[in-house]
Amino acid sequence: MGVRVGADVGGTFTKAVAIDSVTGELAGRAVVPTTHDHRDGVSAGVVDVVAKLVAEVGAEAIELVTHSTTQAVNALLEGDTVPVGVLGMARPPYLRKARNRTTISRAIAHEFLDLSGGFDAGVARRALARLASAGAQAVCVAEAFAPDDSACEDAVAVLAAELGLPVTTSSGLTGLYGLELRTVTAALNASILPIALRTAEVVEAGVAAAGLTCPVMVMRGDGGATDLAGFRAAPARTLYSGPAASVAGALRTLRIGDGVIVEVGGTSTNVAAITAGRPALSYVRVAGQATAVRALDVQVAGVAGGSMLRVRRRRIYGVGPRSAHIAGLTYSCFLAPERLAGARPETLAPRPGDPADYLALRLTDGSMVALTNTCAANALGLVPDGDYAAGHRRSATVALDIAGAAVRLSGSELARRMMQASTEALADLVTAVAAQHRLTQPTVIAVGGGASVLGRPLAGTLGLDCQIPPGAEVISSMGDALSLVRAERERTVSRPTPADVDALIAEVEAEALAAGASPTSLQVQVSQIGDRGAIRAVAVGALVLGSGVVPGRPPLSREAIIDVARAAGGSEQVDPVGRFWLSSHDGRVLLFDRFGDPTLDVRGEAILLNGSPDEPLEVTIGSVVSRHVRNVGPITVQPTTWVVQDGRIRELADPDAIAETVGGSAAAAVIVGRA
């Protein structure tokens, strides 16, 4: 048996699962407390939990380890970053603007090179030395228009490496124009390079010490995975990889159209949108500054399963944001009922500087236990027997009866009000996320250890359907284990030609293949970024394991795809196009990948190209495009066109480029309309 291991670092626990590479069944689980205070940070917990699974399933069975990490986010939140020096560069007539735009506040020191006379390695080396003397422990290199030619940035990176300075080039992370945007992004990445290098070393050494020789991958914030080399070079791409792993796990477990993922942990709850089966991504903002790094668009609330009750003047003040885990207390509902005999309510401050209005119970042995949302849900009978969050209902009832006396309420009324306060807070956030992404009737997908605690009550408050997938408490670890290799590149091109698109596709395919993706599994989608005058290419593929297995869900049969298309509002007529399936019905075109996941949903029509057409392709496309042109006053609005071939989807801004893009392909489809 070959298995894939996924490990996720949560705020409270680090959990791992082993999943059979062929059947997708769970083959093992392990959990350890998250090692926030360990000298190796949370990476130590990843090593520990993987070692537990090795003991359970055997080292010889494990073919891949993938983990999501909080190291990048923690480093930024806790200030565990290094001082960064910026080396800016430009040629006339952009010298003054470039100098200003590379002089960012995030940097400890700045140097600028005038490239009027060309690149001088000696001058660059001396500039790097001055940055190091000023205290820089990592370097960001940013040249005006480097996406068009990165030779000078790359040359400086080589010099920095020779000096022992970790370095990030602006064009290495993004191909977008916008010198300040690229500088901020590269400086952010450079500031966490040292901790990323330490993390990679700890995990790599720990996995090897456990007797494993398999590849080690790291989850990215956009829901894909990269190898350790990719993580070492661009740790910023792993921002929010934990929530991304949960969404990936939910999407691999359930078939979701429009939904809102609500991941209920012990300390906080993450909320993210799913639109037409795809997670919503956005550009990450750090300290109010935009970056060019895209990650899951996630919102966080300080209300979760372990959130503690707060009281002031004998009235309920709220629930959270501090949790029992932060306070170092046990949930009262997880104790035997007799332990609570003689307990009395008492307020406390969970951490120094916190308000002393968190209500807990002082037991007769002097210890204290918490009153949490999980306790309230158990007392009200909301948690099913056998659920991960199930405790002793009797204990929960006794604890809340004792606490209720402090606020002049019955225990059941206190539990009801705790749940009401928590679900209303989350309902506001879910409503805002749904409105932002124009979701009118999304399904609430509750995951995490507290899914049963707040998921269904939240959905009931909103009048929405709720789904809790199997293994909800380890869904993020499952998302890690089942993750696909992903590579993404963006490039500023006002009117991209087929050659521009092909060049960008080649870049992302090469990056995905370098990370270990199977060539036959690659799918590439190219889209236009209208507000930035740019194009984006995303490559996704499965990793080839040592056994030769390309893991993940098996491709669906035609019959199964028909069922998926019918459920999505398409027709029973489906046509294979490369590695995709196409369904057209009543002015709507649906495109699915081999697993039945939606990739396009277009109001328009499709042209299937199979052999010699009856008329020139330009004529056929011209007539279809003309039917979808809109005139808004004096403005003519052209439809969007997509070309589907093999494992690629190209979105083209210029319909005239379609014939050149298709070339002599015997099997392709052209889709014209509006998504």
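Note that the range 210-223 has calculated 3J(HN,Hα) couplings of 7, x, 9, 10, 7, x, 10, 10, 10, 6, 8, x, 9, x Hz, one per residue in order, obtained from phi through the Karplus relation 6.51 cos²θ - 1.76 cosθ + 1.60 (θ = phi - 60°); glycine and proline are x.
Computed over all pairs of different Cα atoms, the Kirkwood value for the hydrodynamic radius of the chain is 27.0 Å. Extending 7 Å from Cα along the Cβ direction at ARG394 and again at THR347 yields two label points whose distance is 3.3 nm. For the range 214-257, the list of trypsin sites (Lys or Arg not before Pro) that fall in a loop by DSSP and count at most 16 other C-beta atoms within 10 angstrom reads ARG255.
Unpaired cysteine residues in the chain (no second Cys Cβ under 4.7 Å): CYS140, CYS152, CYS214, CYS466. Could you grab the relative contact order for the chain? Cα pairs under 8 Å, six or more apart, rounded to a whole percent. Computed value for the chain: 11 percent relative contact order.
Here, the range 399-454 yields an orientationally averaged convex hull projection of 4.9 nm² when only Cα atoms define the hull. When only alpha carbons of the range 359-436 are considered, Rg and Dmax amount to 14.4, 51 Å. Entry for the range 1-111 at q = 0.10, 0.13, 0.21, 0.22 Å⁻¹: log10 I(q)/I(0) = -0.49, -0.62, -1.03, -1.09, Debye formula applied to identical alpha-carbon scatterers, no solvent contribution. Extension gain, HIS585 to SER410, is 57.2 nm, computed as 0.36 nm per intervening residue step minus the present C-alpha separation.
The phi-based Karplus calculation (6.51 cos²θ - 1.76 cosθ + 1.60; θ = phi - 60°) puts the 3J(HN,Hα) values of the range 412-424 at 5, 5, 4, 4, 4, 6, 4, 5, 5, 4, 6, 5, 5 Hz, whole numbers, x for Gly and Pro. Distance from the C-alpha centroid of the range 406-436 to that of the range 501-546: 43 Å, rounded to the whole angstrom. Ordering of 37-47, 261-271 by packing is 261-271, 37-47, highest average first (other Cβ atoms within 10 Å, averaged per residue). Projected label points at ASP646 and ALA567, each 7 Å from Cα along the beta carbon direction, are separated by 3.2 nanometres.
Placing R0 at 41 angstrom, the Cβ-Cβ distance between ARG315 and VAL632 gives a FRET efficiency of 0.15 after rounding to 0.05.
Farthest towards the positive end of the charge dipole of the chain, among the residues SER557, TYR388, LEU335, is the Cα of LEU335, using unit charges on the Cβ of Lys, Arg, Asp and Glu. Listed values for the range 156-168 are Karplus-derived 3J(HN,Hα) couplings in whole Hz (6.51 cos²θ - 1.76 cosθ + 1.60, θ = phi - 60°), namely 5, 4, 5, 5, 4, 4, 5, 8, x, 9, x, 9, 10, and x replaces Gly and Pro.
Straightening the chain between ALA667 and PHE119 buys 192.5 nm, computed as 0.36 nm per residue apart minus the Cα-Cα spacing.
Take the alpha-carbon centre of the range 139-183, take the same for the range 332-378, and report the distance between them in whole Å. Their Cα centres are 53 Å away from one another. By the equivalent-ellipsoid construction on the alpha carbon gyration tensor, the range 37-89 comes out with semi-axes of 33, 15, 8 Å, ordered largest to smallest. Take the range 34-181, drop everything but the C-alpha atoms, weight them equally and run the Debye formula without solvent; then report log10 I(q)/I(0) at 0.21 Å⁻¹ to two decimals. Log10 I(q)/I(0), no solvent term: -1.22. Here the simple spin-label model places points 7 Å from the Cα toward Cβ, and for ALA499 and SER282 these points are separated by 3.9 nm. Using the alpha-carbon positions of the range 136-294, Rg (one decimal) and Dmax (whole number) come out as 17.7, 51 Å. Counting only protein chain heavy atoms and rolling a 1.4 Å probe, the accessible areas of TYR358, TYR177 rank, largest first, as TYR177, TYR358.
Report, in degrees rounded to the nearest 10, the 0 to 90 angle that the Cα long axis of helix 558-567 makes with the longest principal axis of the chain. The helix 558-567 is inclined about 70 degrees to the chain. At q = 0.24 Å⁻¹ the log10 of I(q)/I(0) for the range 427-512 amounts to -1.09, computed by Debye summation with a single uniform scatterer per C-alpha, solvent ignored. In summary, the convex hull built on the alpha carbon positions of the range 97-201 has an orientation-averaged projected area of 6.4 nm². With the convex hull constructed from alpha-carbon coordinates only, the range 551-602 shows a mean projected area of 3.3 nm² over all directions.
Our summary of shape: the Cα atoms of the range 425-574 have principal axis extents of 52, 45, 36 Å, ordered from largest down, in whole angstrom. Ordering PRO83, MET217, ALA146 by Cα displacement along the dipole of the chain toward the positive end leaves PRO83 in first place; charges were set at the Cβ atoms of Lys, Arg (+1) and Asp, Glu (-1).
The values are calculated or read from the model by the stated rules, or taken from the named source; none is laboratory data. This is a predicted model, so every value here is computed, not measured. FYI the Cβ positions are ideal-geometry reconstructions off the backbone, even for glycines, and counts take in every protein chain you see. Remember, those area values only see protein heavy atoms, side chains included, never the ligands or the DNA or RNA. Shrake-Rupley method; radii C 1.70, N 1.55, O 1.52, S 1.80 Å.
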